[in-house]
Amino acid sequence: MTPLVEMRDIALSFGGVKAIDHVTVDLYPGEVVGLLGHNGAGKSTLIKCLSGAYQMDSGQIFIEGQPVTINNPRDARAHNIETIYQTLALADNLDAASNLFLGRELVSAGGFVDDDRMEAETRRIMARLNPNFRKFNVPVSALSGGQRQSVAIARAVYFNAKILIMDEPTAALGPHETRMVAELIAELKRQGLGIFLISHDIHDVMALCDRVSVMKNGKLVGTERVTDVTEDDILGMIILGKKP
Amino acid sequence: MTDTTSGEIPRKSLTQTLQLDTRLLGMIGAFVVICLVFHVLTGQRFLTPRNIFTLTIQTVSVAIMATGMVFVIVTRHIDLSVGSLLAVCSAVMALVQVWVMPQLLGLGIGHPATAPLAILAGLVVGASIGAFNGWLVGYLTIPAFIVTLGGLLVWRNVAWYLTSGQTLGPLDPNFQLFGGINGTIGVTASWIVGALAVAAALWFMASARRKKAGHGFAVKPLWAEAVMMALVSGLILGFVAILNAYQVPAARLERVFAARGETMPEGYTEGYGLPISVLVLVAVAVAMTVVARRTRFGRYIFATGGNPEAAALSGINTRLLTVKIFALMGALCALSAVVASARAANHANDIGTLDELRVIAAAVIGGTALSGGVGTIYGAILGALIMQSLQSGMAMVGVESPFQNIVVGSVLVFAVLIDIIYRKRSGALK
Ligand SMILES: Nc1ncnc2c1ncn2[C@@H]1O[C@H](COP(=O)(O)OP(=O)(O)OP(=O)(O)O)[C@@H](O)[C@H]1O
Ligand SMILES: [Mg+2]
């Protein structure tokens, strides 16, 4: 079976800092791969090469076996890659609907932005993802951290992604909302999406992921099936940078 | 905020029910107070049709540019070169009128193609210089403050060089129609325009309501909608009525009749009606508001102002966006140059001097935040009107010009302070 995504031998430096040092990871349809590592290990930087936010110095990206060039976020979206960024990447002065459709606005026949239709769609998806969400007509700056996060999640899920990147999607969520995201991940997995999940919660990762890739100082320590290792093994990989 | 799904129905104030922007109300309130105070201080000379007419045409040039400045400031940039750009555009248009068309092409004075070609040339020059500024800012990442500070010096002196420092005139008679008092559409046409504007506004409000209701969203109560419609219609028609009430002086009318070889009937009067320059401003205001609220371009401007990184991660080409915004600003400078030079009937070197400050002040008084992401077109126009009212009012009262500037400068700072306090109170600023 060809992987949905293969990132092969990716390297990227910021000035002299090797943020990503020849890392190879892959992802199959219907699979959740966890990316683990210390703060500053290079997790966000790696997935930003896939989402088009950064351009890698060297390496190759294959989507369904085909080599692709991803130079900007539009290229990534064109390959059905959706991303929930750690920073959420929301325009604080716009409302939930405008953020959800940012860059992909629904327009009316005359080519004008159709805010009412976008709001209706946003209400529909939010009813599914976060039924308690009510703040449709205020700028997202007026939202709580968790509400903002659910807007970012809705944006990634709405557009029928094939590849979903979630950079600490539950960092600001309460226990109830975190469980809902876990259910969402399980559902998307059943639908055949491939998901990269970055998280610091090893317990969550063991529960949700099929495989984990551990990074340390920009290098890949190793990739393991969660069924083959224990939480302590993974902790060892993160802290000591050694395979079990 | 309204929410159809929540069970509780919070009590709402009148302004909330009418969905009026309280900040706008505050500005209108300030404007009304300014007008009333000057009306008293000038011995009832301020709120006359004649003075309102003059005030309106004096505001047009700055107001047109202020609408473009809103987009520039919303994206966290600034344009200090608008006054100089206006001068270059004015110089180019004057050259087309007094040299290219009559002399170079030998088409004589007053050829019907002169005004359209001059305006086209001005728009092309303005948009090109603006696009160049935008390229320096967006692609070469030089701060807009520096690019346009340089531009302020460069373009004013390019204008000087183009005309060798001479005053060029008189401008084409058709071109002069854009100047204000020399180009009004008369009473009947003004009423027709007013009626059409009311019809368009009512249709727009009704269809917006229908669309919202169609999606099952909460809409204003019917009475609130009716109040808003009455308010808008009243404002439009009242404005037309005032400009129509300003009578053309009898001596001038006599000359018009004499030119046609007729004699003026006894007791004949005629109002000026809407100046063409004001119609240009209205068209710009409507177009810019539609761009801001109903187009992707406008949405991207506000998104980029709110969070440039998020905009880029959403696939928005923020560099190209910057070029487009500055090009639009340049084109609007050209349009202002048409109005300003037509009003003066010639091109003089000092045209548009200090306009950059007036334009930025108008946008800022109108609620555009320098931190980006926030601003409205109507606010900027109201800001321009408030500044012009202050200036004219003080001149009428006999305040010396240095004091006028002291007051206007202080008002700018004070207005921003009020704005900050208002936003803190309303929770929009943290
Ligand atoms: N834009 C940038 N410019 C310079 N250095 C950067 C930039 N982004 C990341 N880095 C550096 O690259 C390294 C990896 O950062 P990255 O954000 O990928 O870490 P991370 O694994 O996501 O950490 P965290 O768990 O804290 O989110 C760090 O040393 C960081 O300082
Ligand atoms: Mg990170």
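Tabulated data
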item	result
Lone unmet requirement of (1) within 15 Å of ligand 1 (Cβ to nearest atom); (2) open to solvent by 30 Å² or more (accessible area, probe 1.4 Å); (3) within 14 Å of chain B (Cβ to nearest Cβ); (4) outside any loop (DSSP other than H, G, I, E, B) for A:Lys18	(3)
Count - residues of the stretch A:113-128 that are of a type in the set (A, V, I, L, M) and more than 9 Å from every other protein chain (Cβ to nearest Cβ)	3
Verdict on A:Asp232 being in the same structural domain as A:Lys43 (by TED's automatic domain parsing), of a type in the set (Asp, Glu) and within 16 Å of ligand 2 (Cβ to nearest atom)	no
Failed condition for A:Asp75, given (1) open to solvent by less than 50 Å² (accessible area, probe 1.4 Å); (2) touching a residue at least 24 places away in the same chain (Cβ under 8 Å)	(2)
Flag for B:Gly298 being within 14 Å of another protein chain (Cβ to nearest Cβ) and open to solvent by less than 10 Å² (accessible area, probe 1.4 Å)	yes
Of all residues making up the stretch A:22-44, the number that are crowded, with 17+ Cβ neighbours inside 10 Å and within 16 Å of ligand 2 (Cβ to nearest atom)	11
Qualifying positions in the stretch A:168-178 - more than 16 Å from ligand 2 (Cβ to nearest atom) and under 15 Å from A:Leu197 (Cα atoms)	A:Thr178
Residue check, A:Gly110 in a loop (DSSP other than H, G, I, E, B), of a type outside the set (S, T, N, Q) and more than 8 Å from chain B (Cβ to nearest Cβ)	yes
Listing of strands (runs of 3 or more DSSP E) fully contained in the stretch A:176-233 that carry 2 or more residues being away from chain B (no Cβ under 14 Å), closer than 19 Å to A:Pro244 by Cα and away from ligand 1 (no atom under 13 Å from the Cβ)	A:211-216, A:219-225
Among the residues listed as A:Thr87, A:Thr69, the single one being closer than 30 Å to B:Thr75 by Cβ, within 14 Å of ligand 2 (Cβ to nearest atom) and surrounded by fewer than 21 Cβ atoms within 10 Å (Cβ to Cβ)	A:Thr87
Test for A:Asp92: is it open to solvent by 20 Å² or more (accessible area, probe 1.4 Å), touching a Gly at 6+ places or on another chain (Cβ under 7 Å), over 29 Å from A:Ile63 (Cα atoms) and at the interface with chain B (Cβ under 10 Å from one of its Cβ atoms)	yes
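The values are calculated or read from the model by the stated rules, or taken from the named source; none is laboratory data. Note that the structure is predicted; figures quoted are calculated from it, not measured. With ideal geometry, Cβ positions are generated from the backbone for all residues, glycine too; neighbour counts draw on all protein chains shown. For accessibility, only protein heavy atoms count, side chains too; no ligands or nucleic acids. Shrake-Rupley method; radii C 1.70, N 1.55, O 1.52, S 1.80 Å.
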